[in-house]
1. Could you check segment 191-227 and list, in sequence order, the residues that are farther than 27 Å from residue 145 by Cβ and within 16 Å of ligand 2 (Cβ to nearest atom)?
2. Only one residue in 174, 195, 202 is under 21 Å from residue 40 (Cβ atoms), touching a strand residue (DSSP E or B) at 6+ places or on another chain (Cβ under 6 Å) and at pLDDT below 90, so which one is that?
3. Which of the residues that make up segment 38-49 are out of contact with any helix residue (DSSP H, G or I) (no Cβ under 6 Å at 6 or more places or on another chain), within 13 Å of ligand 2 (Cβ to nearest atom) and in contact (Cβ under 8 Å) with a residue 12 or more places away in the chain?
4. Conditions first: (1) closer than 24 Å to residue 142 by Cα; (2) at pLDDT below 95. Residue 225 passes all but one, so which condition is the exception?
5. Anything in segment 188-201 that is without any contact (Cβ under 8 Å) to a residue 40 or more places away in the chain and on the phi < 0 side of the Ramachandran plot? List them, or say none.
6. If you take the residues of segment 38-50 that are near ligand 1 (Cβ under 8 Å from one of its atoms) and crowded, with 19+ Cβ neighbours inside 10 Å, which of them is nearest to the chain's Cα centre (by Cα)?
7. Could you tell me whether any residue of segment 191-214 is part of a strand (DSSP E or B) and either touching a helix residue (DSSP H, G or I) at 6+ places or on another chain (Cβ under 8 Å) or away from ligand 1 (no atom under 16 Å from the Cβ) (or both)?
8. Is there any pair with a first residue in segment 50-71 that is more than 16 Å from ligand 2 (Cβ to nearest atom) and a second that is assigned to a loop (DSSP other than H, G, I, E, B) whose Cβ atoms are under 7 Å apart and which are 6 or more apart or on different chains, and what are they?
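The values are calculated or read from the model by the stated rules, or taken from the named source; none is laboratory data. Everything numeric in this text was worked out from a predicted model, so none of it was measured. Methodologically, a virtual Cβ is constructed for each residue, glycine included, from the backbone with ideal geometry; neighbour enumeration extends over all protein chains shown.
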Ligand SMILES: Nc1ncnc2c1ncn2[C@@H]1O[C@H](COP(=O)(O)OP(=O)(O)OP(=O)(O)O)[C@@H](O)[C@H]1O
Ligand SMILES: [Mg+2]
């Protein structure tokens, strides 16, 4: 019997319609992402790592054809409507995308993002947040979340718009937000891609911090084998459409 809260991939096959023809990306893949653990997904560029992440989030593109199951707590994510997936998104599953700026709206301050995320996850009640006092509660929670990820000039960060912060800072803001929301699962896609060594180490520290403080299970999609070895309890390698479970 599989442990409750694990993600189970059963006979997963994914094809894409490209120029009217079906191209196979994942072929009858089977694996388990164990609850409470950090699992790395590794493999060559184009091997389907991000597509697997999208399947787990129930967020495959419209031209994908999928069969098999992605099971989470008796739900097959592939069979859920996009509304049901949206309902789970953020609260139960959260994504830290490779380009953090894509996760932010250019029109909202960092504070508005954190407040809305706290509200969406039920950390702060929506009905209360309209009151000045509750807004202060949300503000201090947002500040506390940022402090945990190394920010010191909290007021400046909270009043900034996303374009006023660097990519690395936005990633830290996202990590802080996700840590506070404590989803059951966090998926981080290529968190260290294209970073210099100092920033790479900082991101590894952030991921570890997020794991230790959120109580969430994690999936880290990466090319960075050192990161996989250092941080992850299990490794899944993707190759030619197949999933291989590698012990560490
Ligand atoms: N929306 C789409 N339509 C058609 N093909 C797609 C789509 N998204 C991904 N693919 C194809 O699926 C395959 C796997 O892509 P994916 O992005 O999952 O690779 P990856 O392993 O994440 O690569 P990388 O390490 O470079 O990020 C690629 O051949 C890609 O071209
Ligand atoms: Mg990818």
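1. Once the filter is applied, which keeps residues that are farther than 27 Å from residue 145 by Cβ and within 16 Å of ligand 2 (Cβ to nearest atom), segment 191-227 yields 223, 225.
2. On the way: 195 fails: touching a strand residue (DSSP E or B) at 6+ places or on another chain (Cβ under 6 Å); 202 fails: touching a strand residue (DSSP E or B) at 6+ places or on another chain (Cβ under 6 Å).
None of the others qualify; the one that does is 174.
3. 44, 45, 47, 48, 49
4. Looking at each condition in turn, residue 225 falls short on (1).
5. Residues satisfying the conditions are 192, 195, 196, 197, 198, 199, 200, 201.
6. Looking at residues that are near ligand 1 (Cβ under 8 Å from one of its atoms) and crowded, with 19+ Cβ neighbours inside 10 Å, I get 49.
7. Among the residues of segment 191-214, not one is part of a strand (DSSP E or B) and either touching a helix residue (DSSP H, G or I) at 6+ places or on another chain (Cβ under 8 Å) or away from ligand 1 (no atom under 16 Å from the Cβ) (or both), which makes the answer no.
8. 58/80; 66/60
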